[in-house]
1. The conditions are (1) open to solvent by 30 Å² or more (accessible area, probe 1.4 Å); (2) at pLDDT 95 or above, and residue 3 fails exactly one of them. Which is it?
2. Please work out which residue is surrounded by the most Cβ atoms within 10 Å (Cβ to Cβ), limiting yourself to segment 97-113 and to residues that are touching a residue at least 24 places away in the same chain (Cβ under 8 Å), outside any helix (DSSP H, G or I) and not aliphatic (A, V, I, L, M).
3. If I ask for residues that are open to solvent by 80 Å² or more (accessible area, probe 1.4 Å), among the aliphatic types (A, V, I, L, M) and assigned to a helix (DSSP H, G or I), which ones from segment 331-366 would you list?
4. Restricting the search to segment 281-301, which residues are more than 20 Å from residue 256 (Cα to Cα) and not hydroxyl-bearing (Ser, Thr, Tyr)?
5. So, in segment 220-244, of the ones that are within 21 Å of residue 300 (Cβ to Cβ) and free of Cβ contacts under 8 Å to residues at least 60 places away in the same chain, which residue ends up most open to solvent (accessible area, probe 1.4 Å)?
6. Could you please find all residues in segment 66-80 being open to solvent by 10 Å² or more (accessible area, probe 1.4 Å) and under 19 Å from residue 218 (Cβ atoms)?
7. Any idea which of 290, 274, 266 is open to solvent by 40 Å² or more (accessible area, probe 1.4 Å), closer than 22 Å to residue 120 by Cβ and not polar (S, T, N, Q)?
8. Considering each residue of segment 114-148, count those that are outside any loop (DSSP other than H, G, I, E, B), open to solvent by 10 Å² or more (accessible area, probe 1.4 Å) and either of a type in the set (A, V, I, L, M, F, W, C) or more than 21 Å from residue 183 (Cβ to Cβ) (or both), and give that number.
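The values are calculated or read from the model by the stated rules, or taken from the named source; none is laboratory data. No experiment lies behind these values; they were computed from the predicted model shown. Here the Cβ is made from the backbone with ideal geometry for all residues, glycine too, and neighbour counts use every protein chain on show. What goes into the accessible areas is simple: the full protein's heavy atoms, side chains included, and nothing from ligands, DNA or RNA. Shrake-Rupley method; radii C 1.70, N 1.55, O 1.52, S 1.80 Å.
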Amino acid sequence: MRLDNVPEEAEGSRTQTSLCCRVLKSLLLCTGEIKQLDVYMEGKLFGLQLVVWGLRGVAGVILANNPLSGVLILASVFWTSPWQALLGTLGTLISTLTAIIMGQDRADVTRGEHGINGMLVALMMGAYSSAGDWYWWLLLPVCMGSVACGLSSFLDGCGVPASVFPFNIVTVLYLLCTGPNNPYYPHYRVAPPWETEPNGTGLAAVEVTHGIILGVGQIYTCGDLGPSLLILGAVLLYSPLLTFHALLGSAIGTLAGLSVAVHHDFLYTGLSGFNGALGCMVIGGLNFTFSWKTHLYAVATAFLSAYVDIALSNLLGTIGLPALSWAATLASTLMLLQNGNLAKYRVPADQVMSPEHNLRSWSQREAKNASESVNAVV
């Protein structure tokens, strides 16, 4: 048996292992908030900083504070519609610039929080516009709505993030002011519930499964499977735990829709799932440290968001308005205002990070408190 090649094979094995470790370490650096990027961007050109803040705002719509996730999400929106991607980018940048000009808290700006509502307003105006793509008159209300969303800190005094209240308010005002037959800004009319065709007796299981994935994509008005999977990948890059809650919440929303026999189109397109997904993500490890108690709390929030969405869709549909994300916004805000046994798991609004980071920080605090207690007894 020849042994002269053994050192070379061992060296090759060590090199391969070292390469795998470096690749894994590089991938881990791209997860979470990528705080090292903020350190690197200090002192750089304002335009470059604005791009990073804007990308955080794009990803912040789905609660993923990661600029690389923002790149993937923007690509998914572009995949669905280049016009929608243009509107979303414009809305994000304008609302962020407005916050900077008005002297909003710099920490909130760097986290992209002031770009979230501008992104959503722009996307929703484009989605509901019946004038088609590349209708340049639409840029005026998009810009005005994004400026209005630049101020979104009115709930900070209560310890509750402003969430997407500005988006919901501005979008409803826009749709009420213009109307479906406006000569300059026409939009699709939301049909009242009694005008839809009755459900059939059959149900396509594959389409329902697709609808759970599409429920995550509908957060960005993406109704295609490919872009929705890319959005899920962007959330996974930020936090696997948040991805799990996104799919769980969308599934719960679909289940809630099935329980009250909503129209099958809402199940198949993901419209019955996206409020449940948002509600579940807000509570499940993001604003509360993940545990079995907070997980059940997140499930309850998803069910509440889903049923409130169904009720609001029926109510607002009578006057031709969509329910938007009012359900998830109201349900999650209600849950965040609760004081009780889960108070110790609550993460302060200005310290919210990825669920994994929140869990590590909570575990370290508990271990430190336990050690101090033991030392005090001794």
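1. Evaluating residue 3 over (1) open to solvent by 30 Å² or more (accessible area, probe 1.4 Å); (2) at pLDDT 95 or above leaves (2) as the failure.
2. Selected residue: 112.
3. Within segment 331-366, 334 is the sole residue that qualifies.
4. The answer is 285, 286, 287, 288, 290, 292, 293.
5. 244
6. We begin by selecting, within segment 66-80, every residue open to solvent by 10 Å² or more (accessible area, probe 1.4 Å); these are 68, 71-72, 74-75, 78-80.
Correct list: 72, 74, 75, 78, 79, 80.
7. 266
8. Residues in segment 114-148 being outside any loop (DSSP other than H, G, I, E, B), open to solvent by 10 Å² or more (accessible area, probe 1.4 Å) and either of a type in the set (A, V, I, L, M, F, W, C) or more than 21 Å from residue 183 (Cβ to Cβ) (or both): 12 in total.
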